[in-house]
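The values are calculated or read from the model by the stated rules, or taken from the named source; none is laboratory data. Since this is a predicted model, take the numbers as computed values, not measurements. Note that we place each Cβ from the backbone using ideal geometry, even for glycine, and neighbour counts take in every protein chain shown. For accessibility, only protein heavy atoms count, side chains too; no ligands or nucleic acids. Shrake-Rupley method; radii C 1.70, N 1.55, O 1.52, S 1.80 Å.
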Amino acid sequence: IAEQLHGQFDFIVADPPAINNRTLECYAATIKLLAARGAKIIFSTLENFDPTMQDLLGLSPQRFRPDLPGFALDGRWCFYTSFACRSLSQPNPVADAKREAAKLEEEDQEGYAELAAGFHQSQHEI
């Protein structure tokens with residue numbers, strides 16, 4: 001990144017194309033280079049990266065979840081910010097309902113797997 005861009009941005013929005021720690025680390029390093037002192041940062045990624053976002057950039061998860069129809073991880077996406085934002089602190093009822101439905105479906109799948117495993121165990125020695 002050109003040196004004349006270092007520390008020049010007071011607002012940065014990041015939405016990486018991949019969801020893994022290495023990508024997040026690379027984005028964080030780039031943001032640190034580009035951000036001016038006190039820059040506001042919004043980072044979009046999967047909700048289970050709370051500790052990573054805090055450790056890398058000091059970002060906090062926001063309550064608002066986007067509605068992403070047709071996206072496999074709909075309802076599980078999160079915005080992390082370096083600042084308080086009233087709009088992002090409000091829930092999104094549509095995305096929250098999808099998130100709850102996905103959790104219930106995961107629990108059902110786990111239950112079915114346990115039940116199926118019980119059916120496949122041999123009951124008698126021959």
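Some observations on this one:
- Residues in segment 36-66 that a label on His6 would reach, taking backbone N under 20 Å of a point 7 Å out along Cα→Cβ: 36-40, 57
- Between amide H atoms placed 1.01 Å from N, distances below 5 Å from Leu68 occur with Gly75, all of them 5 or more places distant or on a separate chain.
- Rolled with a 1.4 Å probe across the full set of protein chains, the surface gives Lys40 an accessible area near 90 Å².
- Of the listed residues Phe83, Phe9, the order by accessible area with a 1.4 Å probe, largest first, is Phe9, Phe83.
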